[in-house]
Amino acid sequence: MRITLGERVTEDDLAIYREVLLQKCQLEQDNLQRTPETIQFGKHVIDTWYSSPFPQEYAKLNVLYMCEFCLKYMKSGAELRRHQRKCALRHPPGLEIYRDGDLAMFEVDGNEQRLYCQSLCLLAKLFLDHKTLYFDVESFLFYVMTKRDTRGHHVVGYFSKEKHNQACYNLSCILTMPQYQRLGYGRFLIDFSYLLSRVEQTTGTPEKPLSDLGRVSYQRYWCSAVLSFLYLNRYGSLTLEGISKETGLSVGDAVQALRNLGFIWYRRVARTFTPIVCIDWRLVDRHHERRKGSPKRIELREMCLRIQRVSSTMSHTGFHEVEHPTTNNGTGVGGGGGLVP
């Protein structure tokens with residue numbers, strides 16, 4: 001392609017234009033050549049989807065080796081095996097706030113566990129296109145979901161949220177590891193973020209703007225939450241404030257769900273249109289039956305939460321840990337009272 005100079009285009013302008021084109025081509029090439037291309041994470045060998053800004057000597061590797069417990073990254077399998085013999089960590093370095101059978105949630109403070117949270121963000125970028133937070137983790141809390149076996153707690157996914165924000169965001173970033181996707185864990189993480197909002201006696205909403213996939217996932221969740229509320233409150237008084245309080249959804253998100261479900265109609269009164277709510281109870285019943293028979297549904301049980309709301313002056317999170325009632329064998333809810341050593 002021949003580029004001719006116009007009256008107002010100089011040679012310097014043309015040089016800058018060519019440099020921008022070159023950089024654009026380089027970025028596209030980098031996206032095609034993911035760095036690293038594969039990670040060894042526990043027993044899983046996972047192909048990455050996007051590049052992540054690991055240090056250059058690690059990013060250029062074809063395979064990056066990561067300890068699934070402390071998230072330290074290494075250059076070779078031999079180095080990983082040597083590390084595993086010495087690594088004493090068997091669960092995320094935070095407070096275990098939920099336990100139900102082999103499923104657990106840990107709250108990790110980015111200010112107290114900066115290196116772990118930075119590594120978690122770098123790991124997440126391998127599978128998230130629009131993630132931009134990698135290193136400034138001090139102002140965030142990370143809620144890490146794990147599955148427990150005899151070896152320890154294995155990372156399933158996580159979500160993060162800012163400690164103090166004026167917009168009532170209850171989630172900033174969310175990831176389910178590829179080996180655990182399409183099994184109901186992503187829905188569980190979203191559900192857990194709203195459980196924390198309800199415990200805080202407030203409403204929440206995810207940080208905006210949402211990606212296309214995030215928007216679809218959240219709109220599906222909002223509709224499901226509203227339908228579940230309607231099923232349980234069929235004969236009660238229905239208000240937007242009541243839906244918001246019981247589900248943890250913001251009023252705006254609840255309204256969006258009602259619109260998507262086709263439950264908001266408009267009636268013409270004089271020269272204006274007044275919105276009214278008209279619920280299709282058959283849709284509510286079908287949703288309940290579908291959820292009840294879903295093999296992938298992971299139930300979130302509030303009784304398994306190990307924290308309760310306290311005065312915000314006592315803790316930056318507003319929570320403190322509580323003990324579960326123990327059974328005769330001395331274990332807590334879900335068959336384990338303490339952390340795996």
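The values are calculated or read from the model by the stated rules, or taken from the named source; none is laboratory data. Bear in mind that the values here come from a model prediction, so they are computed numbers and not experimental data. Here the Cβ is made from the backbone with ideal geometry for all residues, glycine too, and neighbour counts use every protein chain on show. Surface areas here come from the heavy atoms of the whole protein model, side chains and all, with no ligands, DNA or RNA. Shrake-Rupley method; radii C 1.70, N 1.55, O 1.52, S 1.80 Å.
Only lysine pairs 8 or more places apart or on separate chains count here, and in segment 125-258 those with Cα atoms under 29 Å apart total 15.
In the context of the full protein assembly, residue 100 retains an accessible surface of approximately 40 Å², using a probe radius of 1.4 Å and ignoring ligands and nucleic acids.
In this structure, the amide hydrogen of residue 35, modeled 1.01 Å from its nitrogen in the peptide plane, lies closer than 5 angstrom to those of 51, 52, counting only residues at least 5 positions away or on a different chain.
Please work out whether segment 75-143 counts as rounded, prolate or oblate from its C-alpha gyration tensor, where a ≥ b ≥ c are the square roots of the eigenvalues and a/c under 1.5 means rounded, while otherwise a/b larger than b/c means prolate and anything else oblate? It comes out oblate by the Cα gyration axes.
I need the shape label for segment 120-268. Rule: rounded when a/c is under 1.5, else prolate if a/b > b/c, else oblate, with a, b, c from the alpha carbon gyration tensor. Cα axes put segment 120-268 in the prolate bin.
Which order do 115, 230, 238 take by accessible area at a 1.4 Å probe, largest first? Present the calculation step by step, with values, prior to reporting the outcome.
Working: 115 130, 230 5, 238 65 Å².
Of 115, 230, 238, the descending order of accessible area is 115, 238, 230.
As a fraction of the 1.4 Å probe accessible area of segment 122-169, surface on carbon and sulfur atoms comes out at 50 percent.
Solvent-accessible surface (1.4 Å probe) assigned to residue 129 amounts to roughly 80 Å².
May I ask you to derive the relative contact order of segment 26-175, considering only C-alpha pairs under 8 Å and at least 6 residues apart, and to give it as an integer percent?
On the way: 279 pairs, mean separation 26.0, N = 150.
About 17 percent, as a whole number.
Using the Cβ of residue 182 as centre and a radius below 14 Å, the other residues enclosed give a net charge of +4, where K and R count +1 and D and E count -1.
Take the Cα of residue 245, step 7 Å toward its Cβ, do the same at residue 57, and the gap between the two points is 5.9 nm. The residues packed around residue 45, meaning those with a beta-carbon under 13 Å from its beta-carbon, carry a net charge of -2 if Lys and Arg are +1 and Asp and Glu are -1. Loop-located chymotrypsin sites (Phe, Trp or Tyr not before Pro) in segment 154-257 (DSSP state other than H, G, I, E, B) with a sparse environment of at most 10 neighbouring Cβ atoms within 10 Å: 235.
Restricting to Cα pairs below 8 Å that are 6+ residues apart, what does the relative contact order work out to for segment 71-150? Please round to a whole percent. Write down the numbers at each step before the final one.
Numbers: 91 pairs, mean separation 25.8, N = 80.
Across segment 71-150, relative contact order equals 32 percent.
With a 1.4 Å probe rolled over the protein heavy atoms of all chains, the accessible area of 265, 281 falls in the order 265, 281, largest first.
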